[in-house]
Amino acid sequence: MNRLLKGLCLALGLIVVLAPALLCKLEALLSRRNEMFLFWGQSFALAPGLPGKYLRKCFYRLTLDSCAMSCDLGFMSYFSDRRARVGPRVYVGFGVSVGYAILGEGSLIGSRASILNGGRQHRHGPDGKLTGFDPRTCQLIHVGAETWIGEAAVLMADVGSHCIVAAGSVVSAPVPDNRIVGGNPARFIGKAIDDIVPADGDGRPGGRVEAFQGYAT
């Protein structure tokens, strides 16, 4: 019964977002602009509760490069680049801004985090004035599978799989797999997962031991 109700909610969500999604597709075909995409994405970001979660995932399913229907996109969270990709079981908390990024399977993005389009979005022109944002200069940011990004963290570089980024950290350089990092700029703290545990007495293979439990988000 739960599966049937969930399927019905997804079908209704797709019907509701179909017209806005088609407008966004038309915008992408006719221009390089993304005002329509941002307007509808930010509008659905304001939809509260469970209906809002279904509307957001349905809208981005039809407008992003890819978006798994098993994701969970929180209230006031939105994507600013239609080339983004969202993997299965991704969780995005409250008030998250995501640019040109790939969110790997099972990754958790804490509330108020920001995933930017790299760290070189503006430059000074010959006249000394700062240039406007140019989408062609965007850097793809990859968040690896099973990685936990803490609350209010800022990402300007890739983060590997099975990582933990502490709350409020600023990631300005790539983070390898299986790392805990924190601070501004983010620095190595430890391993997120210890080595594989040796086989136990009856010959069964051991499992992973978590090197760190409950890092603040």
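Scanning the stretch 8-46 for residues that are buried (at least 17 other Cβ atoms within 10 Å of the Cβ) and of a type in the set (Gly, Ala, Ser) turns up Gly13, Ala21, Gly41, Ala45. For the stretch 168-217, the set of residues classified as modelled with pLDDT of 90 or more and not in a loop (DSSP other than H, G, I, E, B) consists of Val170, Val171, Val175, Ile180, Val181, Gly182, Arg187, Phe188, Ile189, Gly190, listed by residue number. Within the stretch 153-186, the set of residues being crowded, with 18+ Cβ neighbours inside 10 Å and at positive phi comprises His162, Gly168, Asn178. Quick check: anything in the stretch 126-140 assigned to a loop (DSSP other than H, G, I, E, B), within 19 Å of Asn184 (Cα to Cα) and among the polar types (S, T, N, Q)? Within the stretch 126-140, not a single residue is assigned to a loop (DSSP other than H, G, I, E, B), within 19 Å of Asn184 (Cα to Cα) and among the polar types (S, T, N, Q). Among the residues of the stretch 54-75, just one is surrounded by fewer than 21 Cβ atoms within 10 Å (Cβ to Cβ), among the charged types (D, E, K, R) and part of a helix (DSSP H, G or I), namely Arg61.
The values are calculated or read from the model by the stated rules, or taken from the named source; none is laboratory data. Only a predicted model underlies this, so the values are computations on that prediction, with no experimental measurement involved. Every residue, glycine as well, gets a Cβ built from its backbone with ideal geometry; the counts of neighbours run over all protein chains shown.
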